[in-house]
Amino acid sequence: MLKKRLLALALCCVLAAALCMPAFAEPLAAGRFALPDFDVPCRAAVLIDLSSGTVLYEKEPDTPMPIASITKVMTLLLTFEAIEAGKVSLQDTVPVSDHAYNMGGSQIWLEPGETFTLDEMIKAICVSSANDAAVAVAEFIGGSEPAFAELMNQKAAELGMVNTTFKNACGLDEEGHLSTARDVAIMSREMLLKHPQITDYTTIWMDTLRGGQTQLLNTNKLLKRYQGVTGLKTGTTSGAGVCISASASRDGLDLLAVVLGAASSNERFDAATALLDYGFANFENVTAPTPENAPASLPVTGGAEETVELQYAAPQKLLVQKGEGGALNAELELPQTLAAPLAAGQQVGTVTVRSGETVLGSWPVTAAGEVQPMTVRLGFERLLAALTAH
């Protein structure tokens, strides 16, 4: 009885660990949902479910265009990666170069030789979209803005942002500095899922620097207009038009709306609002069911090991259309035994989740470890051990 209880406990731990696996490794895709055909007032747009990466709306999603200060999402992403790696800290002082001082557009009027903490610089970037602060941070992290731009492009390639080229760290118009609505969604999602502490900055409405002498007012007016907004970044230049990457959370559903090339600030916010309204009105996240009587391991024939543990890859939550999550069930397809050799990560079965007759998704069951074939020597040793035991 004790062994059965321990086995059940172990299985629960295995399934819980699998269900809690982060979702940001999955690519952005439309999935099984039909995309709506309503229009929003901008050149390009994308709406995604943040957790799964499912695309819920798109308009010219892969057309390269300037993205203005939404560029700073990548600057912030590399900055938080450097913090996480221990290369820099929020308490470090960031110097101001002549190059950073000469940045135009939105700024906090940095002076050459002036210093702020990295924490203050991030606040200036997130709240006031300060170009001078973004360039100062880029120089602090990368050594120079051109070297930092190389890091930005390397990260973009790593994330699969195939239509993006960065030329600077702040988003001022520059020939060849281009991205797309889909690529903006990719890097915004990476930022929010990998470094959720960014919302500690992007949800600040008003703050100050220089002991209260410099006022900061958030450029994202959705913070006061839309329930659940958590960020992320606005941008405006003559070449890019008026843009936003807007994140919001309600009732366990996290959405991201990207709007590029709107004609005015009001149209930018109207477009983002329409996209977020559509997402929250039509979709919800529900708890994913787990298959009944799922084994924690399976016996292996002809192997150096007699059993192999299993790993269940399934999301913790499932995105469904509202009203669809009432009758979810999980079906498990597994053989009774497995044959050696087995490679670690080799798929050995499948978990399929359905809502009635509708398949919501399928996820692999894999071998947790490698199992080598049985050798003559090992077989003899086991036989000898069994005879000795008796």
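So here's what we get for this one:
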item	result
Inter-residue pairs, beta-carbon under 6 Å, first open to solvent by less than 50 Å² (accessible area, probe 1.4 Å) and in segment 55-72, second assigned to a strand (DSSP E or B) and among the β-branched types (Val, Ile, Thr), 6+ apart	Val55/Ile48; Pro61/Val46; Ala68/Thr236; Ala68/Thr237
Close pairs (6 angstrom Cβ cut-off, 6 or more residues apart or separate chains): among the aliphatic types (A, V, I, L, M) and open to solvent by less than 30 Å² (accessible area, probe 1.4 Å) in segment 319-338, outside any strand (DSSP E or B) and modelled with pLDDT of 90 or more anywhere	Leu319/Ser52
Among residues of segment 149-176, those that are open to solvent by less than 60 Å² (accessible area, probe 1.4 Å) and in a helix (DSSP H, G or I), counted	6
Failed item in (1) open to solvent by 60 Å² or more (accessible area, probe 1.4 Å); (2) at pLDDT 90 or above, with Asn293 passing the rest	(2)
Filter result (touching a Leu at 6+ places or on another chain (Cβ under 7 Å) and either open to solvent by 10 Å² or more (accessible area, probe 1.4 Å) or of a type in the set (Lys, Arg) (or both)) within segment 38-50	Cys42, Arg43, Leu50
Flag if Glu267 is outside any strand (DSSP E or B), among the charged types (D, E, K, R) and on the phi < 0 side of the Ramachandran plot	yes
Residue list for segment 124-141, restricted to those being free of Cβ contacts under 8 Å to residues at least 60 places away in the same chain and surrounded by fewer than 24 Cβ atoms within 10 Å (Cβ to Cβ)	Glu139, Phe140
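The values are calculated or read from the model by the stated rules, or taken from the named source; none is laboratory data. Worth saying up front: this structure is predicted, and the values here are computed from it rather than measured. All Cβ positions, even for glycine, are placed from backbone atoms using ideal geometry, and neighbour counts span all protein chains on display. Each accessible area value is taken on the protein alone, full model and side chains, heavy atoms only, with ligands, DNA and RNA left out. Shrake-Rupley method; radii C 1.70, N 1.55, O 1.52, S 1.80 Å.
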